[in-house]
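Please read the structure below before turning to the comments.
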Amino acid sequence: MQNPYIPYPVVVDKIITEVDTKDIKTFRFKFINPEDEAKYAYIPGQFGELSIYGKGESPIGIASSPTQKGYVEFTVQKAGVVTSALHEMEEGEVMGLRGPMGNSWPLEFLEGKNIVIVGGGFAFTTLRSLINYMIYGENRKRFGNITVIYGARNPGLLLYKDELIEWQKRDDLNINVTVDKGDANWKGKEGFVPAVCKEVAPSKENAVAVICGPPIMIRFTLPVFFDLGFSKENIITSLEMRMKCGIGKCGRCNVGSKYVCKDGPVFSLAELDKLTPEY
Amino acid sequence: MEKSLIKKDALAGIAKKMAGDFLVWAPVKKEDNVLFEPLQKDGEPFFAYLNSKNAPKNVFFPHTEAMMKFTRTPKGMVFSAEENKADQSVLFGVRPCDAHSFALLDKLFDQEKYKDGYYIAKRQNTTVISIACVQPPYATCFCTSVDGEPVGSEGADILLVDIGSDYLVEFVTPKGEKLAQYFGDAKADAAAETKKNEIAAKAVDAITSKIPAHEVKPILDKNFDNPFWNTIHGKCLACGTCTYFCPTCHCFDISDEVKGSDGVRIRSWDSCMFPMFTKETSGHNPRTSQKERWRQRTMHKFKYYVDNFDAIACVGCGRCVMSCPVNIDIRKVVEDISKL
Amino acid sequence: MARRKFATLKSFLNYIGVEGDRTLFTWVSASEGDRWAQVIKVATEKIKALGPAKKMIKKIG
Amino acid sequence: MENIETKLREEAKRLLLEKKADVIIGYEKGTLPLTATPCFITTPEEADKLVWNNLCTQNLAKFVHDLITAHKNSQKRVKPEDRKKKVVGIVARGCTTRSLIIHLQERQYERDEVCIIGVPCDGYVDGKGLKVKIGGADIVEGTIDGGQIKMKTSDGDKTVALKDVLAECCLTCRFNNPIVSDVLIGSPSPAMNPDAEYNAVKEFEAKSMEERWAYFTKEMEKCMRCNACRQTCPSCYCPTCFVEQSQPQWVGIGEDKSDTQVFQLMRMYHMVGRCVDCGSCVSVCPMGVDLRKFLKKIDKDGWEMFGNRAGSSMEDMPPLGRYDEHHDKEEFIFNP
């Protein structure tokens, strides 16, 4: 049986600098042993432990979609020991990847429904995975209307810029990209995410909102969705906690009886209400 | 399986004989402490102990343990998983409360979905021999309040009960039976069995320290925000003594260590009492003060573990009560909660 | 004051059983090139004479 | 002691009623036999919990630092003009006042933020030593009376002389009476035996280097990195200890022998001019590491090299904060 603490060896295949400040990059990994790719079958919303030998591990949401074969992508902000070391890495270098871990966005629950995706800043990564999954080929038919509201502080901090342009070209997606403050070249929306949500005013009918972003954004966005009539069962979010093992053993990421790494990170607001407010 | 009888003074000899054949962990007197340590060739087990200073959980879950190794080569980093192998060994002479803790740890480390091979390998290859508590070793013992028994065999493979001049040897599991030959040919008769039952009943009565451990679960379910939580932690030093000595505490940290081109990934004990335990890279800490940490420890033992595994994560050994440098007494904490 | 720290450190290391000659302190000004060379030369000799350090050395792997 | 206890409770009540202190840190009876434990008194009624006897072990100065720091952090969100000062009262024996002096010298808080209730001290019981003395038996009940400790134990009734089980640091204590106080309870206690304070260190210095190293490594092997010594030490108040820093990581977090040695060596070395020999680290250490053998050397060096005894005078500067051109010895300097 696979030892869940041991990473799969992967090679850094491609590094994409996402933002002007250069502290957020997307890393594309390829498995060194081809059979590991099948073992790493994942669902959008799950995360992996990026493992750099000698530095340690960092839990990061998976940014690519399982429909993208041959590689796995993670978008990582430079912050601690491991992520800093990761940002120093070059294409061709070897490191480790553990997982996939956590539950995932509830795809079965989402099927047949209208989906509203709200993302803020760097937390957009696993939402990107979900979007790419839902719009891939035949998958698109399994979901109703898809509305995306995505905001960043300024245009330079938007992730996946090329993809955003591609998505905007599609007629089966309602894409709303906003920035807190634009610049000379910015022709899109300006304004905070909660305000844009109010403006777009997605219908609650047969709809689920998937919200992911900084705490301050979440705090002001939730009331908008409550006003629109969304129930707590139909608002889904993803939690962040300090994690180490990723498999519910090491004991630090629990919120009440649930481990964010194993039982989460994805919870509906109704589920979160049942947990202790300690996150 | 038939039960055996051995003379009381034969015990050390049996432990030493086993130590000739495989690794034997036994209580050993080391200066002023009694610790479970591998029995050395010329070492003497110390069976005149009350209980060991530290919990014997370190046999299966050592303070520090290598998970994998890595080496820098011209072709890049190469790593190798530490093999989950463990030599056949015997843990000789644990108290029933500590044996009970292994059954509780199994629930976490040996879950269906994620198995912890490091723990499981050692657990599977180790035969646990318990020595029952005919008298409660300490006035702080409260095993009977948390589903334990002073003459209980939960978590043990062999149980020894002092019935006067002899030990009654009970082979609890097939793993225990395999070591039957070390305990001689004297078979226990019905009288010995009767004696044991009498002793077991008396031993239960002798435990006078009691806590309402089962009553607090529904109270904890509803009282996460009770002001009561402000009253425990004031004097807590935020040291890890209670958690390090606790037979059921199992939190750990993972870190990498490198020297030259060689490195190792280790896991080592961590503690929910340490402020850094939950601190995130961003600086945010969901458990901001010792209040939240104490609530976590209490909740984990008497609510969360019950929610997840239908068992209280406390065996009533009293080590945390005796070892806490500032005398925060979990018995009083639970008592106080029961009155909320 | 750095000198007081060094004085006590050397004394303490020696007390716990770490060879006193493994910790050496001196003052060298940026202009004293010759003296610097001399200090390093003698320090190296002393350390070589003691052989490899074995105390408080971590083994990995 | 009864008399002192009564006076202590009266004074504590008065200070709280007169709002001279917002909280008083003292000792109350513990849940285990023969123990006293830190407590925080905020209302006059609670003051009757206070006890003062030979079982009051810990140096409470640690809590003064904790409380004032926590209070100051909570005031950061308050407008400067609305900020309140918190006065922390503390029951302090000699060594406790030394720690308070160190905090004051190191500018951790102001003198008017602490209200010192000085108590005379004739030593406290070394709990681990007591256990050894009675053969490791479990103490079921116990009382101290007329210099005797009488106990009911798992091994029958036992009596031990108090003077035989006092903590090592108390036996040779030089400062058993408060050095500084706002309220003084009772009359000063007779001196202990300070002339013998460095005997154990001198004996250890006389051993060979390899013997010293063997002892150091043997003691450090007992350490399980629970951090109790650091956490109870009033002088260990860094917001982040070097042990917990990850960028860079100075020392491994595991039980590797060298990591433990480095942790203890560095923690003890940080005590130069700051260890008051209160014995708290020794008393809290669950494994019985002989920390004092090493910390007392640091005290001795401070005295012999710089004529300083940590926290012994309000007027002194910390020894590492100054330099004496005429008297500081130079023989440690390498002059090829």
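The values are calculated or read from the model by the stated rules, or taken from the named source; none is laboratory data. Because the structure is a prediction, the values reported are computed rather than measured. Every residue, glycine among them, receives a Cβ derived from its backbone with ideal geometry; neighbour counts consider all protein chains shown.
Values computed for the structure shown
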{"item": "Extreme residue, nearest to the other protein chains (Cβ to nearest Cβ), among residues of segment B:110-134 that are in contact with a helix residue (DSSP H, G or I) (Cβ under 6 Å, 6 or more places away or on another chain) and surrounded by fewer than 19 Cβ atoms within 10 Å (Cβ to Cβ)", "result": "B:Asp110"}
{"item": "Subset of segment A:222-251 that is in contact with a helix residue (DSSP H, G or I) (Cβ under 6 Å, 6 or more places away or on another chain) and more than 14 Å from chain B (Cβ to nearest Cβ) - its residue that is farthest from A:Tyr5 (Cα to Cα)", "result": "A:Val224"}
{"item": "Filter result (free of Cβ contacts under 8 Å to residues at least 60 places away in the same chain, in a loop (DSSP other than H, G, I, E, B) and under 24 Å from the mean Cα position of the chain (by Cα)) within segment D:1-31", "result": "D:Met1, D:Gly30, D:Thr31"}
{"item": "Members of segment C:41-61 found to be loosely packed, with under 15 Cβ neighbours inside 10 Å, among the β-branched types (Val, Ile, Thr) and either under 16 Å from D:Asp259 (Cβ atoms) or at the interface with chain D (Cβ under 9 Å from one of its Cβ atoms) (or both), listed by number", "result": "C:Ile57"}
{"item": "Residue that is in contact with a strand residue (DSSP E or B) (Cβ under 6 Å, 6 or more places away or on another chain) and within 14 Å of chain B (Cβ to nearest Cβ), where the choices are D:Val87, D:Val23", "result": "D:Val23"}
{"item": "Qualifying residue in segment C:3-16 (condition: more than 8 Å from chain D (Cβ to nearest Cβ), assigned to a helix (DSSP H, G or I) and at pLDDT below 90)", "result": "no"}
{"item": "Within segment B:306-328, considering residues that are charged (D, E, K, R) and surrounded by fewer than 21 Cβ atoms within 10 Å (Cβ to Cβ), the one farthest from B:Asn230 (Cα to Cα)", "result": "B:Asp310"}
{"item": "Qualifying residue in segment D:44-58 (condition: under 22 Å from D:Asp122 (Cα atoms), at the interface with chain B (Cβ under 8 Å from one of its Cβ atoms) and not acidic (Asp, Glu))", "result": "yes"}
{"item": "Lone qualifier among A:Ile32, A:Ile60 - being within 21 Å of A:Gly246 (Cβ to Cβ), of a type in the set (A, V, I, L, M, F, W, C) and surrounded by fewer than 22 Cβ atoms within 10 Å (Cβ to Cβ)", "result": "A:Ile32"}
{"item": "Selection status of A:Arg219, without any contact (Cβ under 8 Å) to a residue 60 or more places away in the chain, closer than 29 Å to B:Lys222 by Cβ and at the interface with another protein chain (Cβ under 9 Å from one of its Cβ atoms)", "result": "no"}
{"item": "Every residue from segment A:252-278 that is within 12 Å of chain B (Cβ to nearest Cβ) and surrounded by fewer than 23 Cβ atoms within 10 Å (Cβ to Cβ)", "result": "A:Val255, A:Gly256, A:Ser257, A:Lys258, A:Lys262, A:Asp263, A:Lys274, A:Leu275, A:Thr276, A:Pro277, A:Glu278"}
{"item": "Selection status of B:Asp221, over 27 Å from B:Asn125 (Cβ atoms) and not assigned by TED's automatic domain parsing to the domain that holds B:Arg72", "result": "yes"}
{"item": "Entirely in segment D:191-291, the helices (runs of 4 or more DSSP H) that have 2 or more residues that are in the same structural domain as D:Val119 (by TED's automatic domain parsing) and out of contact with any helix residue (DSSP H, G or I) (no Cβ under 8 Å at 6 or more places or on another chain)", "result": "D:199-205, D:209-222, D:257-269"}
{"item": "Sole residue being at pLDDT below 95 and assigned by TED's automatic domain parsing to the domain that holds A:Cys197, chosen from A:Gly70, A:Gly137", "result": "A:Gly137"}
{"item": "Residue satisfying all of: in segment A:74-108; more than 12 Å from chain B (Cβ to nearest Cβ) and charged (D, E, K, R); farthest from A:Lys141 (Cα to Cα) among these", "result": "A:Glu88"}
{"item": "Check on D:Gly252, buried (at least 19 other Cβ atoms within 10 Å of the Cβ), within 11 Å of another protein chain (Cβ to nearest Cβ) and in contact with a strand residue (DSSP E or B) (Cβ under 7 Å, 6 or more places away or on another chain)", "result": "yes"}
{"item": "Among (1) surrounded by fewer than 20 Cβ atoms within 10 Å (Cβ to Cβ); (2) under 29 Å from B:Asp110 (Cβ atoms), the one test that B:Met68 misses", "result": "(1)"}
{"item": "Segment B:258-281, subset more than 7 Å from chain A (Cβ to nearest Cβ), out of contact with any helix residue (DSSP H, G or I) (no Cβ under 9 Å at 6 or more places or on another chain) and of a type outside the set (Lys, Arg), residue surrounded by the fewest Cβ atoms within 10 Å (Cβ to Cβ)", "result": "B:Gly260"}
{"item": "Qualifying position, being outside any strand (DSSP E or B) and more than 14 Å from every other protein chain (Cβ to nearest Cβ), among B:Cys97, B:Cys141", "result": "B:Cys97"}
{"item": "Hey, B:Ala103 surrounded by fewer than 19 Cβ atoms within 10 Å (Cβ to Cβ), part of a helix (DSSP H, G or I) and either more than 14 Å from chain D (Cβ to nearest Cβ) or in contact with a strand residue (DSSP E or B) (Cβ under 9 Å, 6 or more places away or on another chain) (or both) or not", "result": "yes"}
{"item": "Matching residues, segment B:17-63, being surrounded by 20 or more Cβ atoms within 10 Å (Cβ to Cβ), touching a residue at least 60 places away in the same chain (Cβ under 8 Å) and assigned to a strand (DSSP E or B)", "result": "B:Val24, B:Trp25, B:Ala26, B:Pro27"}
{"item": "Pairs with Cβ under 6 Å, 6+ apart, first in segment B:168-192 and within 14 Å of B:Ala10 (Cβ to Cβ) and of a type in the set (Val, Ile, Thr), second modelled with pLDDT of 95 or more and surrounded by 15 or more Cβ atoms within 10 Å (Cβ to Cβ)", "result": "B:Val169/B:Leu160"}
{"item": "Residue that is under 19 Å from the mean Cα position of the chain (by Cα) and without any contact (Cβ under 8 Å) to a residue 40 or more places away in the chain, where the choices are A:Val255, A:Val177", "result": "A:Val177"}
{"item": "Helices (runs of 4 or more DSSP H) within segment D:82-181 that include 2 or more residues closer than 30 Å to B:Ile207 by Cα", "result": "D:127-133"}
{"item": "Evaluation of D:Leu67 against (1) part of a loop (DSSP other than H, G, I, E, B); (2) more than 29 Å from D:Lys131 (Cβ to Cβ) (one fails), failing number", "result": "(1)"}
